[in-house]
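Quick notes on the structure that follows.
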Amino acid sequence: MEASVGAAVEVPVESNGADPPDRRGALDVRLLGPMSIRRAGVALALPASRKVRALFAWLALAAQPVARARLCEWLWDVPNDPRGELRWCLSKIRGLVDEPGHRRVHAEDDTIRLDLRDCFVDAIEVDRAADEGFASLAPARRRALCALFGGDFIEGLELERSPSFAAWTTAQRRHFRGCHAALLEQLAGSAGNDEAFAYLERWLQLAPFDPRVHERLLAALVRAGRVRDAEEHLATTERAFEAEGLDRRPLRDAWRSARSRGTDASIFVEPAPGAQPAIAPAAQAGVDPRTARRASIAVMPFVDRFAEGGPSAGIGDALAHDVITRLAKLRSLFVIAQGTVFALHERGVGTQEAGRMLDVDYVFGGSVRRASDRLTVAVELAEARSARIVWTETFEHAFDDAFAVLDEIGNRIVASIDHEVEALERNRAVLLPPNSLDAWSAHHRGLWHMYRFDRPDNERARAFFETAVRLDPTFSRAWAGLSFTHFQDAFQGWTERAPATERAFEAAAQGLMVDERDPAAHWAMGRALWLRGGHDASVAELEQAVDLSPNFALGHYTLSFVHSQAGDPHAAIASADHSRHLSPFDPLLFGMLGARAMALVRLGEFAEAASWAVRAAARPNAHPHILAIAAFTLALAGSLDEAGAYAAAIRRVLPRYGIADFLAAFRFDTGGAETFREGARRIGMA
């Protein structure tokens, strides 16, 4: 697709990249474009063998030593002597990069490692900057990084009959194209008019179906008074989008926005990350995006690293479908439909490119590979606009039962995505000016305060949740958060229990009224009913929450919490373990550990209970009731000195705290209450 920009200004090029030559290591390695290696500014003659160069590129980017067997499998389909060929390739690399007294190729315990720590590698430099976040970089560094791109990753280097290498290079090329596009977007957003056109043209050539580049370009053309050029560009682009089966509405929306803003100087001001909606299906329906926004995610089909048509083919698609379905059931994110992402995948659109085309906040993808009886799933979650990878993990399981393995991996993936996105959105929201918050940001600002578990932060959290539901009364998660602040008032004894209980119930009821399929709404109602003393009704609501979304970790935790006091202690332990498995770094981890400890106390397992209670009390946001669980269980286990230390810690915060406060907060059955009373008696807190 041709760009009708006609910019007359060249983008400044800083050929030395991110560091001056005299500060780089002995080697200057360029992989973003045709491969080249320089020593002291002099280009080295690369080996003629493409496999040697391919092996060098793989090892250069490998974060850890690579097994010889893996390299043999990767580079040769059916070699006569794979290890012999590998040794020959490594000897060529040694001749290229090793120096007297300085070996860079290391063979250790049947693994190979290429040590380039003292060298400059352009691809590694870009990845490091992406981890920092391109938006946080100074403009000069962005320009230097952008100048490193001389083409596609190891451009022109292909291997015949090596599907693993082809899949790897395809993934790397898509990744670095995404990084390049993200850098150009940042540079276009901060440059002056003429310079911005040059960046926009390069961005357009790199990502012709990215709606954001067309939005920026149309705005820039209108701002420069080139309305006719903008109209011609719009017509050409609409035809291209239609030919590709893509939605043209974002282009029309961008055009209307550009015309309405005219020569507004703020067109080129880059918003704070996350401050504007990344995808606005509600806006297209006439709903105010300030209230309707949700973080959005595209889950791409997984790359199958299996033999063509092999018995495991299709596992990647099945896993992606499962993750999409489960994320949608959480109802906390706007999830792009399966048909859309699979259609893009079939057209060869990569994960990060798809994220930009769909204009989502986050994009998720990965690969699946079966070797013998082991299944390996490698995944990564990235911010779509910045190309920054925010979470990556590799799961390995015995492949004895395909359905059970996929279910287990799917559980962990979905819970991790939910946790990582919530943490990112919380941290982003806390940096925004309070008067700029939309409902989504206000909700996450509330979560940031809520998870600190002290009275002042709980009150601040309530104010932000109230803002969220005022801006968007249909936001069930915000109603659940508001209910939780009232629950905390009652449970912690910060206000009178009865009125706080009713306020918790009323907010939970509002959440259920606006979205009865949101597991968080049932979670909030289950907690409120527990406050009211309705054990069976509480369990029913919490079971409904986990039935709606089996990956909802807080639902499983709260089932454990309720059962640990007056229900089935064995069920409490199972639910606590499952919640920790789903969300091992959850802000409520202290509660998961504490609930397990209380269930063990009711089973008479005092020593084990004390061990779990101590772990709960060690969490940084553990409140006095959690410290009390540790004090009482340690006393029951006979560790009176350690129990006394926890009692002293509680009384430094709450001088009059005793067993009466503890039992007033919880709802133990008669036997459980008497057991904890005995623990308190042993350390003078009865």
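Here are some notes:
- Around the Cα centre of the chain, unit charges on the Cβ atoms of Lys, Arg, Asp and Glu (plus for the first two, minus for the last two) sum to a dipole of about 1260 debye.
- Heavy-atom SASA rank of 495, 670 (probe 1.4 Å, accessible area, largest first): 670, 495
- Cβ-defined net charge surrounding residue 71, 13 Å radius [Lys, Arg +1; Asp, Glu -1]: +3
- For residue 302, the residues whose amide H sits under 5 Å from its own are 317, 320, ignoring neighbours fewer than 5 places away on the same chain, with H placed 1.01 Å from N.
- Gyration tensor (alpha-carbon) shape descriptor, region 189-247, a/c threshold 1.5: oblate
- Taking label positions 7 Å along the Cα-Cβ direction at both residue 67 and residue 373, the computed distance is 1.5 nm, reported to one decimal.
- Cα gyration tensor category, rounded, prolate or oblate, for region 366-485 with a/c compared to 1.5: prolate
- Crossing angle, helix 670-682 versus the chain [Cα axis fit, 0-90 degrees, rounded to tens]: 90 degrees
- If R0 is taken as 25 Å, the Cβ-Cβ distance between residue 497 and residue 652 corresponds to a FRET efficiency of 0.55.
- Counting DSSP beta bridges with both ends in the chain, the antiparallel % (nearest 5): 80 percent
- Accessible carbon and sulfur surface of region 40-148 relative to its total accessible area, %, 1.4 Å: 50 percent
- Contact order normalised by residue count of region 92-203, Cα under 8 Å, 6+ apart, percent: 18 percent
- Helix 606-617 and the long axis of the chain differ in direction by around 50°, with both axes built from C-alpha atoms.
- Label point at residue 427 placed 7 Å out along Cα→Cβ; residues across region 103-136 whose backbone nitrogen lies under 15 Å: 130-136
- Placing a pseudo-label 7 Å from each Cα along the Cα-to-Cβ vector at residue 463 and residue 686 gives an inter-label distance of 4.5 nm.
- Rolling a 1.4 angstrom probe over the protein heavy atoms with all chains in place gives region 341-389 an accessible area of 31 Å² per residue.
- On the beta carbon distance between residue 140 and residue 337, with R0 = 51 Å, the FRET formula returns roughly 0.80.
- Relative to the Cα centre, the charge distribution of region 564-663, modelled as +1 at Lys and Arg Cβ and -1 at Asp and Glu Cβ, gives a dipole magnitude of about 300 debye.
- On the basis of the beta-carbon distance and an R0 of 56 Å, residue 158 and residue 517 show a calculated FRET efficiency of 0.70.
- Gyration tensor verdict on region 76-228 (Cα atoms; rounded if a/c is under 1.5, prolate if a/b is larger than b/c, oblate otherwise): prolate
- Per residue accessible area in Å² of region 535-665, where ligands, DNA and RNA are left out and the probe is 1.4 Å: 36 Å²
- Each Cα pair under 8 Å and six or more residues apart adds its sequence gap; the mean of these over the residue count of the chain is a relative contact order of 8 percent.
- The angle between the Cα long axis of helix 497-514 and the longest principal axis of the Cα atoms of the chain comes to about 40 degrees, rounded to the nearest 10.
- Solvent-accessible area assigned to carbon and sulfur over region 506-662 amounts to 53 percent, based on a 1.4 Å probe.
- Charge tally around residue 632: other residues with Cβ under 10 Å, Lys/Arg +1 each, Asp/Glu -1 each, net +2.
The values are calculated or read from the model by the stated rules, or taken from the named source; none is laboratory data. Keep in mind it's a predicted model, so treat the numbers as computed, not measured. In this analysis, Cβ positions are derived from the backbone assuming ideal geometry, glycine residues included, and neighbour counts consider all displayed protein chains. The accessibility values were calculated without ligands, DNA or RNA, using every heavy atom of the protein model including side chains. Shrake-Rupley method; radii C 1.70, N 1.55, O 1.52, S 1.80 Å.
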